[in-house]
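Asker: Can you read through this structure? Questions will come right after.
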Amino acid sequence: MATLLPPPKRQKVYHGVPEPEAEPKAAVPNVVVQFVSEDDGTPLAPSINVPADLTRDSLESLVNRLSKVSEDPVPYSFHVNLPEKDATTGQPTRLVISKSIQEDLFAPANSKFSSEDIIVIQCSPQSVFKVRPATRCSSTLSGHEAPILCASFSPTGNLLATGSGDNNARLWNLDTETPSHTLEGHKGWVLCVEWEARERKLATGGHDGHVRLWDPKTGKALGDAMKGHSKWVTSLSWEPIHINPSNPRLASSSKDGTVRVWATQSRRCDYTLGGHTASVNVVRWGGGGAKGTGVLYTASSDRTVRVWDAASGKPLYTLKEHGHWVTTLTLNTDFVLRTGPFDHTAKKPSSDEEAQKMAQERYSKLISNVPELLITGSDDHTLFLWSVFGPVGEAPGGTKSIARLTGHQRQVSHVAFSPDGRWAASAGWDSSVRLWDGRTGKFIATLRGHVGPVYRLTWSADSRQLVSASKDTTLKLWNLKTYKIHTDLPGHTDEVYCVDFVADKVVSGGRDKVVKM
């Protein structure tokens, strides 16, 4: 049987009216584009003349073809810096190219660019893996009998620990999203939980001034509580795996103005740091230092930040530029130190030596371009960016800050570096989240959407997503290309105190006593 062809399309009839002429296409100008590296401003390719409506993906393949940095194509994000005088306070200081140069730079009514300009496009390589955005609540876990004050995923993301005002910490299995163990022993609220970077131990600090160690496999306590602090424990930090892979020590800061460093094998206090004159709010164990033996950073309510040699406990620097309590502190190496040898490839080290080597490789790669930096946030509404130790082999940065980050209208509650160290985000009691350049401290944009103070922030492992938790009972996932809300994550019935993000799971806990994933 012969195949029947479909009937021809009926021509449009204009009923005696002449057919209107097709609208001529608007001429697209050509522009001269210069691709430069965001890290150091070096050109990645020679200047090139391209049509202004070339799409973002075409720009990416063009820069990969011209630069020949690696055989595999590198995913880039592109932006153009606004001229300094045009970057008004509160407005973004850079324009992200998400569609094309024509649409993103020339089309806006108040555009500062024209086709006569040489467009300098800043290229920043993106991570080679991508985290799926969180879109829904997969489970609501109850069990705690009081508000949940802290939550932390283990480095591999297989386990979760939460601490609560009911004097208990709990462990949760993330494969089944069910509770696995209840850790009982503290005589006061559990204020902080911190995982050792190889997931062998969990440390908790409480309102009773005690620090306890737990075995996450069995949920049993490893010996008695480590006692010494006379007031409650405010934060905990483990020694990095690339410095001490077999028995990392633990640092605890307290409201009593001291920091204690504990040998976890003997559960004895190695030494006490007693230079602050008021509560020590945060302690961080950095992997840098002059000899690479590690340093301790402490932020206190006496308005200072102190840097100590972790091997001997000697004071190295005192940073005094804040005008009020210093309540939050972050390092650009935080993520790498916290996850140690574990990365997105899910390789597991078989021995301490292998774990040390893997952790050292990750740490060295991150600080190859830029030294270990820290940002401190305070109740004086400002943040400071510091580089205490300069690049390897160069003079140290010293006690003068690189930049003062201003813009928050009220106290800064939390600051966090992205895992790749390129960005920093700060949350404040003014209901806003602000984005900063992690290397220069320059303001990038304000993320608005919360209607109550923002308490905590957390980044995804690929540095492309940011989640904030607020007093307004919601979490918000932000789109860092448009600086607007990507997804609203409601569900809590009261204030959200803690949030953490690992793999493609976000966990949150708060005053309503439930854990949501």
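Asker: Express the relative contact order of the chain as a whole percentage, based on alpha carbon pairs under 8 Å and six or more residues apart in sequence.
Answerer: Relative contact order, the chain: 11 percent.
Asker: So, in nm, how far is label Phe129 from label Val17 when the simple model puts each one 7 Å beyond its Cα toward the Cβ?
Answerer: Distance between the two pseudo-spin positions: 6.0 nm.
Asker: Using a cut-off of 28 Å between alpha-carbon atoms, which lysines can reach Lys25, once sequence neighbours fewer than 8 places away in the same chain are excluded?
Answerer: Once the sequence-local lysines are set aside, what remains near Lys25 is Lys9, Lys12, Lys99, Lys112.
Asker: Related question: Given a 1.4 Å probe and every protein chain left where it sits, what share in percent of the accessible area of the chain is carbon and sulfur? Walk me through the numbers on the way to the answer.
Answerer: On the way: 12200 of 24250 Å².
Of all accessible area on the chain, carbon and sulfur atoms account for 50 percent.
Asker: Here is a follow-up. For the stretch 374-456, which trypsin sites (Lys or Arg not before Pro) are in a loop by DSSP, counting at most 11 other Cβ atoms within 10 Å?
Answerer: Numbers: sites: Lys400, Arg404, Arg410, Arg422, Arg434, Arg439, Lys442, Arg448, Arg456; in loops: Lys400, Arg410, Arg422, Arg439, Lys442.
Taking the stretch 374-456 and a limit of 11 other Cβ atoms within 10 Å, the loop trypsin sites (Lys or Arg not before Pro) found are Lys400.
Asker: Would you indicate which of (1) 193; (2) 228; (3) 157 is the value of volume of the Cα convex hull per residue in Å³ derived from the coordinates of this structure?
Answerer: Identified label for the calculated read-out: (2).
Asker: Starting from the stretch 337-393, pick out the trypsin sites (Lys or Arg not before Pro) whose DSSP state is loop and whose Cβ has at most 12 other Cβ atoms within 10 Å. Mind showing how you got there, number by number?
Answerer: Numbers: sites: Arg338, Lys347, Lys357, Arg362, Lys365; in loops: Lys347.
Taking the stretch 337-393 and a limit of 12 other Cβ atoms within 10 Å, the loop trypsin sites (Lys or Arg not before Pro) found are Lys347.
Asker: Now for a different question. To the nearest 0.05, what FRET efficiency results for Asp462 and Asp57 with a Förster distance of 22 Å applied to their C-beta separation? Write out the running numbers ahead of the final one.
Answerer: Numbers: r = 19 Å, r/R0 = 0.84.
After rounding to 0.05, the efficiency reads 0.75.
Asker: What does the accessible area per residue of the chain come to in Å², with a 1.4 Å probe and no ligands, DNA or RNA counted?
Answerer: On the way: 24250 Å² over 517 residues.
Ligands and nucleic acids excluded, the figure is 47 Å² per residue.
Asker: On a straight-distance basis, which lysines could pair with Lys201 in a cross-link, Cα separation under 19 angstrom, same-chain partners fewer than 8 positions away excluded?
Answerer: Correct list for Lys201: Lys217, Lys220, Lys227, Lys348.
Asker: For Gly428, list long-range residues whose amide hydrogen, built 1.01 Å from N in the peptide plane, is under 5 Å from its own amide hydrogen.
Answerer: Residues meeting the amide H criterion: Ser413, Val454.
The values are calculated or read from the model by the stated rules, or taken from the named source; none is laboratory data. Computed from a predicted structure; not experimentally measured. All Cβ positions, glycine included, derive from the backbone under ideal geometry; neighbour counts span all protein chains shown. We work out accessible area using only protein heavy atoms, side chains counted, and drop any ligands, DNA or RNA first. Shrake-Rupley method; radii C 1.70, N 1.55, O 1.52, S 1.80 Å.
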